[in-house]
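A short worksheet on the structure shown next.
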Amino acid sequence: MDKTSGFEVSRRGVLATGVACGAMVSVPAAAGQVQPATGSAPPTMPVTLKVNGTSGTLDLDTRVTLLDALREHWKLTGTKKGCDHGQCGACTVIVEGRRINSCLTLAVMHDGDQITTIEGLGKPGDLHAMQAAFVKHDGYQCGYCTPGQICSAVSVLKEIRDGVPSHVSADLTATPQATAAEIRERMSGNICRCGAYSNIVEAMQEVSGASA
């Protein structure tokens, strides 16, 4: 190709063009056009929780989970944060008589609700029957999942007493029994990475009065 009929891009020209473009990108806009970063405070609202028989009101970010409200604001650290995705059950608490994963629900959704954590079930010297049974049957090893396991276990036995069927209930109209199969199915959402499942079943059956 005849260099006189077009144009020739030299290496020096390419480098000069690149430097010029880079300089243009790095130069900030005129001072009058720069907008300072602004961030409004997150929305909050007063939330009254009735935890373990004590009522209190907190001004909470509306995005705060019930788990974080209990741990960070109420300082009840017995309720554990495991997966934070509702898959391990370590954060199980009892709300209005029913067990829930506290990491999957917002604190503002439970304004005025009665909430029971592991601290509210019993304490050293005055253990709940389920806590005592877990100790007797060694229903824990590392102990991290134990608060959620116990809260769930208490609720499971209540579900059985109330006649709530499960996936393994053969007769949906009959009162379910605290069999090992029923307990294992209902407790399947509470993961024990140490593998103390058989001991947990034994503890629950003792509390329920069922035979192993």
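The values are calculated or read from the model by the stated rules, or taken from the named source; none is laboratory data. In this text, all values refer to a predicted model and were calculated from it rather than measured experimentally. We place every Cβ from the backbone using ideal geometry, glycine too, and count neighbours over all the protein chains shown. Areas reflect the complete protein model, heavy atoms only, side chains present, ligands, DNA and RNA absent. Shrake-Rupley method; radii C 1.70, N 1.55, O 1.52, S 1.80 Å.
Results, tabulated for the structure shown:
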| item | result |
| --- | --- |
| Odd one out for residue 174, checked against (1) surrounded by 14 or more Cβ atoms within 10 Å (Cβ to Cβ); (2) small (Gly, Ala, Ser); (3) part of a loop (DSSP other than H, G, I, E, B) | (1) |
| Residue within segment 81-93 that is more than 17 Å from residue 188 (Cβ to Cβ), open to solvent by less than 30 Å² (accessible area, probe 1.4 Å) and touching an Asp or Glu at 6+ places or on another chain (Cβ under 9 Å) present | no |
| Residue list for segment 57-79, filter: within 25 Å of residue 142 (Cα to Cα) and either open to solvent by 60 Å² or more (accessible area, probe 1.4 Å) or out of contact with any helix residue (DSSP H, G or I) (no Cβ under 8 Å at 6 or more places or on another chain) (or both) | 71, 72, 74, 75, 77 |
| Matching residues, segment 137-166, being part of a loop (DSSP other than H, G, I, E, B), within 22 Å of residue 90 (Cα to Cα) and open to solvent by 60 Å² or more (accessible area, probe 1.4 Å) | 138, 140, 141, 142, 144 |
| Failed condition for residue 77, given (1) farther than 20 Å from residue 50 by Cα; (2) of a type in the set (Val, Ile, Thr); (3) in contact with a Lys or Arg (Cβ under 7 Å, 6 or more places away or on another chain) | (1) |
